[in-house]
Amino acid sequence: MTQVSLDDLNNKTEQLRKEFEKMKEDMEFALRTEEAWKEYERGEFISQPVDEFLKELEKC
């Protein structure tokens, strides 16, 4: 059996936590994208000229 130091274990745990957070963010993005696609397929998006879109974007 291989011995692992507490520091090594803590470092690996922190690395796994960061990887999990990234995967969680990726999953949330995928779910939002899927919902947006479904809204698009249902015709719930609006079309507007570029200048109007940019004005709306500036408000954010």
How far, in nm, would the chain grow between Glu21 and Leu9 when pulled straight, counting 0.36 nm per residue and subtracting the alpha carbon separation? 2.5 nm
Those chymotrypsin sites (Phe, Trp or Tyr not before Pro) from the stretch 1-46 that are DSSP loop and have at most 13 other Cβ neighbours within 10 Å turn out to be Phe45
Taking only Cα atoms of the chain, the Rg to Rh ratio with Kirkwood Rh works out at 1.37
Loop trypsin sites (Lys or Arg not before Pro), the chain, which have at most 11 other Cβ atoms in a 10 Å radius of their Cβ (DSSP): Arg42
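Bear in mind these aren't lab numbers, they're just calculated from the coordinates by the rules spelled out. Keep in mind it's a predicted model, so treat the numbers as computed, not measured. Virtual Cβ from ideal backbone geometry, glycine too; neighbours counted across all protein chains shown.
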